[in-house]
Structures are given as C-alpha cells and as structure tokens.
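The block underneath contains the structure these notes are about, expressed in structure tokens.
The values are calculated or read from the model by the stated rules, or taken from the named source; none is laboratory data. None of the values given here were measured: they were computed from a predicted structure. Because the Cβ atoms are built from the backbone with ideal geometry, glycine has one as well, and the counts that use them run over all protein chains shown. Side chains are part of the model used for accessible areas, which takes the heavy atoms of the whole protein and leaves out ligands, DNA and RNA. Shrake-Rupley method; radii C 1.70, N 1.55, O 1.52, S 1.80 Å.
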Amino acid sequence: MKPRKTKDIQKVLLKKGFELNPEKDHHQFYFLVIDGKKQAIKTYFSHSKNEYGKSLMNQIKNQLKFKENSKAEDFFDCPMSKEQYIEMLKEFGEIK
C-alpha cells in the first residue's frame, strides 16, 4: 500500500459510506453505515498524523477487510464505488 495523506483517506471514507463517530481521546473513529445501521467495519485515525505510511495503510486495509492490496488501492483511488465495496464485503461474509 502506498502512503497517503490522512485528509485524503478520510474524504474517501466519507464518500464511500463511512461516518465519523464522535471523537474519543486522541482518535477519530470511522464506521461503515449501511441503510442507517452502523456496521462492524471500522478504522480510526490519530490527530497527530498528517500522512499514513505503508505500515499504517496496511493496517487500514486489514481493518476495512480487504484481502488484496490492489482492491484497497482501487478503493482509495476511487475506481471502486461504494456499492462495489459493499458487495465485496457481502461476498467475504463480513456483512449481511
């Protein structure tokens, strides 16, 4: 996974169905919401990071339930739509 700016990652998450949960301590939690229901798919960000390197991007990839780097890159670069992401999660049995 290539490094990315935190603000760019957060914009993509909001565009693809994630919502910012009220801030807790020094983290911002984003949960996937489908039809108004919060799902178990989530990730979080520290206030102190402006950019996430390869290691942290791999952690986000795993939290968002991607099995392949290429699919995660498609998600963040936007060829993958919100609907395609939700369908992938259903295929993997991560959501119903």
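When every residue of the stretch 20-39 is checked against the conditions, at least one turns out to be more than 9 Å from the chain's Cα centre (by Cα), in a loop (DSSP other than H, G, I, E, B), surrounded by 14 or more Cβ atoms within 10 Å (Cβ to Cβ) and not acidic (Asp, Glu). Restricted to the stretch 57-96, and to residues that are among the small types (Gly, Ala, Ser) and in a helix (DSSP H, G or I), which residue is nearest to the chain's Cα centre (by Cα)? For the stretch 57-96, the residue satisfying everything is 72. Filtering the stretch 28-79 to residues that are over 22 Å from residue 91 (Cβ atoms) and in contact (Cβ under 8 Å) with a residue 40 or more places away in the chain leaves 49, 50, 51, 52, 53, 54, 57.
Take the conditions (1) more than 16 Å from residue 15 (Cα to Cα); (2) open to solvent by 40 Å² or more (accessible area, probe 1.4 Å); residue 61 misses just one of them, which is (2). If you go through the stretch 3-14 one residue at a time, do you hit one that is part of a strand (DSSP E or B), open to solvent by 100 Å² or more (accessible area, probe 1.4 Å) and free of Cβ contacts under 8 Å to residues at least 12 places away in the same chain? No; the residues of the stretch 3-14 include none that is part of a strand (DSSP E or B), open to solvent by 100 Å² or more (accessible area, probe 1.4 Å) and free of Cβ contacts under 8 Å to residues at least 12 places away in the same chain. Taken together, the residues in the stretch 67-83 that are hydrophobic (A, V, I, L, M, F, W, C), at pLDDT 95 or above and exposed (fewer than 14 other Cβ atoms within 10 Å of the Cβ) amount to 0.
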